[in-house]
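The values are calculated or read from the model by the stated rules, or taken from the named source; none is laboratory data. Computed from a prediction, not measured in an experiment: that's the story for all the values here. Virtual Cβ from ideal backbone geometry, glycine too; neighbours counted across all protein chains shown. The area values use the complete protein model at the heavy-atom level, side chains included, leaving out ligands, DNA and RNA. Shrake-Rupley method; radii C 1.70, N 1.55, O 1.52, S 1.80 Å.
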Amino acid sequence: MDTSDNIPTWKLDGIFVQSGNDEYTAYLTSCKERIGNIASLLDSADKFTKNGNENFDFAAWLAPFLKEYENCVAMSGTLCKYAYVSYSTDTTDPAKLNRLSETTDLVNSLLVYQRKLSLVLVSHKKYMDDFYARFPEYKDYAYILTEMMDDSAHQMSAAEEKLASDMQKTGGEAWSRLQEQIISTLQDEKGRTFNELRGLASSADKDERKEAYEKELELLRANRVALAACLNNLKGETVMLNARRNWKGALDRALSSSRLSRESLDALIGAIEDSLPVWRNYFKAKASILRKCGQTASDRAGTDGRGLAFYDLFAPLPAPRTAGTDGQSLFEKEWTFGEARDYVIKEYDSFSKNMGDFARTAFSSGWVDAKIRPGKVGGAYDEDFAKGHQSRILCNFSGKFPDIITMAHELGHAFHFHCMKGKSPLFFDYPMTLAETASTFAETLVKQDMIATASEADKCRIIEMDLQDVAQVLVDILSRFYFERAVFEGREKGELGADDFCRMMAEAQERSYGDGLDDERHEYMWALKCHYYSTDLDFYNFPYAFGQLFAAALYAKFRTEGKAFTESYERLLADTGNMSCEDLCAKAGFDIRDKAFWKSGIDVYAEEVETLVRAYGN
């Protein structure tokens with residue numbers, strides 16, 4: 001593979017000049033002054049409102065306010081993201097950590113003023129038509145401003161919101177941190193951390209997979225009381241605050257933040273439920289293959305049509321006996337960064353010239369940081385900057401095949417932002433349901449092309465890798481949705497303990513996996529998934545399924561329409577920030593309230609299951 005000198009680190013001078021901090025400091029000072037300006041403007045509006053002053057020209061006030069507010073959003077977001085990308089490649093520098101803390105506080109202060117703005121808008125709701133008539137350039141803001149007004153109905157008083165925020169630090173957030181601390185410090189008798197044990201789920205050694213699974217359950221059982229207390233108390237706080245904020249339930253709040261209707265969610269969940277026989281067939285086929293190859297440590301899984309043992313869900317499959325190698329495997333090849341870069345560009349070009357040119361710009365402009373080095377965070381992410389409308393992509397390139405998929409995924413996020421150029425910074429905060437669309441679509445482009453052109457052996461491995469991922473996003477996510485719904489229903493009635501959570505998880509897995517799993521299951525999955533323990537991410541699960549199937553359905557449409565689809569795809573990405581999911585999709589010609597739309601995405605993976613089963617002769 002490349003030497004480390006040939007793997008790029010990003011350039012940040014395009015955001016703030018690195019030689020000295022003068023530009024950054026001036027920008028920070030200007031941002032604080034602008035936030036002070038909007039605070040003053042809000043105070044003036046509040047005084048006019050309280051005094052009932054009929055001479056207050058609300059429309060004339062709102063237009064310049066929104067311009068200044070946009071500037072604050074763009075500048076504070078740029079500062080916070082710049083602080084994070086700087087810190088994430090050098091986590092040992094305390095100055096960068098302090099800068100991150102400072103800019104996060106800046107963004108949080110702006111959220112306080114956003115809440116005040118929503119109340120001002122509600123107080124002057126009858127003047128909004130006059131505002132749009134006199135300032136037509138703001139007509140596209142109607143959805144966002146209406147959303148702010150609607151959100152005001154779910155706010156407590158300013159004093160209560162401040163108290164809730166302060167108490168949450170020693171309440172829900174503290175329970176969340178305790179769960180993180182418990183999981184992150186667990187070790188078995190060999191000194192292996194919990195995360196190391198989790199990583200062995202994809203080991204090629206069948207006995208190692210089963211032993212790691214058994215140790216994982218052992219560690220979680222030993223800490224079940226504390227972990228159950230974390231989840232019980234955190235969800236209890238959420239139930240109480242949701243009631244005080246006039247939410248019917250946690251799901252309603254999650255749908256609102258996702259800009260999704262209950263009808264569309266029902267269609268999505270219904271389509272996944274309808275597809276469960278496909279996934280159970282996949283699980284059973286995989287169990288049978290592992291049994292025939294002697295690659296399972298289970299005594300029962302894969303016999304007489306039984307499904308997988310839980311610890312074999314991520315087991316790698318051997319190549320089919322009939323598959324030839326046809327040269328060097330994509331999985332065994334040591335990729336240079338240049339080869340990986342060129343491969344991603346080629347795949348982006350295969351969709352559209354705009355997408356390919358964007359990838360070239362990202363690489364040539366120093367937007368990608370791929371070099372592994374001490375102090376750099378793991379994983380991968382994309383951050384988008386309003387300043388200069390540019391992005392920065394972090395990944396950790398090791399020369400392995402999955403690195404190409406990761407790079408294509410993160411560049412997809414950046415391309416999404418690129419398509420929004422010229423839009424208001426207020427539109428850049430699109431919901432989680434749509435946030436994974438472009439990235440998953442880009443990843444699908446790469447995988448599907450590789451499946452079509454790879455050797456028979458690699459083709460099976462790519463399909464299996466894809467099905468593993470998608471099965472988690474659909475089947476396991478469905479079980480998490482069932483589980484979380486049951487938890488909230490139960491918590492509204494009273495306290496819950498470890499036995500309750502284990503029972504709910506077992507029932508949820510039975511409803512989703514069914515006979516796709518044998519009797520060796522994992523009723524403690526509730527204890528380790530950090531999303532359950534977030535105070536802000538109730539029902540984090542279904543947006544992932546939405547993104548996966550939405551991207552797959554778009555890919556299916558691309559296969560049908562070819563290059564003619566590219567323009568409508570880019571317009572769809574450009575419009576993600578200022579309308580509901582339903583309106584966005586209707587504009588692109590899709591009805592996400594219809595299960596048939598979601599089925600078109602599932603069909604892409606149903607074909608893969610059939611291909612895999614045929615390849616192994618099951």
Residue set 388, 399, 379; condition at pLDDT below 95, out of contact with any Phe, Trp or Tyr (no Cβ under 6 Å at 6 or more places or on another chain), of a type outside the set (A, V, I, L, M) and surrounded by fewer than 20 Cβ atoms within 10 Å (Cβ to Cβ); output residue 379
Flagged in region 534-579 as touching a helix residue (DSSP H, G or I) at 6+ places or on another chain (Cβ under 7 Å) and assigned to a loop (DSSP other than H, G, I, E, B), in numbering order, are 534, 535, 537, 538, 539, 540, 575, 576, 577, 578, 579
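For the condition open to solvent by 70 Å² or more (accessible area, probe 1.4 Å), in a helix (DSSP H, G or I) and more than 25 Å from residue 243 (Cα to Cα), what is the one hit in 140, 130, 150?
140
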| message | Residues that are part of a helix (DSSP H, G or I), of a type in the set (A, V, I, L, M), in contact with a helix residue (DSSP H, G or I) (Cβ under 7 Å, 6 or more places away or on another chain) and closer than 22 Å to residue 483 by Cα: does region 195-212 have at least one? | response | no
Checked against (1) open to solvent by 50 Å² or more (accessible area, probe 1.4 Å); (2) more than 26 Å from residue 202 (Cα to Cα); (3) of a type in the set (Val, Ile, Thr), residue 372 satisfies every condition except (2)
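To keep it simple, each residue is scored yes or no on (1) among the polar types (S, T, N, Q); (2) within 22 Å of the chain's Cα centre (by Cα); (3) at negative phi.
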residue: 361; (1), (2), (3): yes, no, yes
residue: 367; (1), (2), (3): no, yes, yes
residue: 372; (1), (2), (3): no, no, yes
residue: 379; (1), (2), (3): no, yes, no
residue: 384; (1), (2), (3): no, yes, yes
residue: 389; (1), (2), (3): no, yes, no
residue: 398; (1), (2), (3): yes, no, yes
residue: 402; (1), (2), (3): no, yes, yes
Of the candidates 184, 165, 203, 176, the one satisfying the condition of being on the phi < 0 side of the Ramachandran plot and in contact with a Ser or Thr (Cβ under 7 Å, 6 or more places away or on another chain) is 176
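Here are some residues: 180, 211, 173. Which one is modelled with pLDDT under 90 and surrounded by 15 or more Cβ atoms within 10 Å (Cβ to Cβ)?
173
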Note on region 300-319: residues surrounded by fewer than 24 Cβ atoms within 10 Å (Cβ to Cβ), over 17 Å from residue 515 (Cβ atoms) and either among the aliphatic types (A, V, I, L, M) or more than 28 Å from the chain's Cα centre (by Cα) (or both) are 317, 318, 319
Report task. Report whether or not residue 519 is open to solvent by less than 30 Å² (accessible area, probe 1.4 Å) and in a loop (DSSP other than H, G, I, E, B). Result -> no
When region 235-264 is checked residue by residue, the ones that are within 24 Å of residue 166 (Cβ to Cβ) and open to solvent by 50 Å² or more (accessible area, probe 1.4 Å) are 240, 243, 244, 246, 253, 257
Pairing a residue in region 185-214 that is closer than 17 Å to residue 290 by Cα with any residue that is in a loop (DSSP other than H, G, I, E, B) and open to solvent by 50 Å² or more (accessible area, probe 1.4 Å), where Cβ atoms lie under 6 Å and the two sit 6 or more apart in sequence or on different chains, gives 201/314; 202/314; 204/316; 206/295
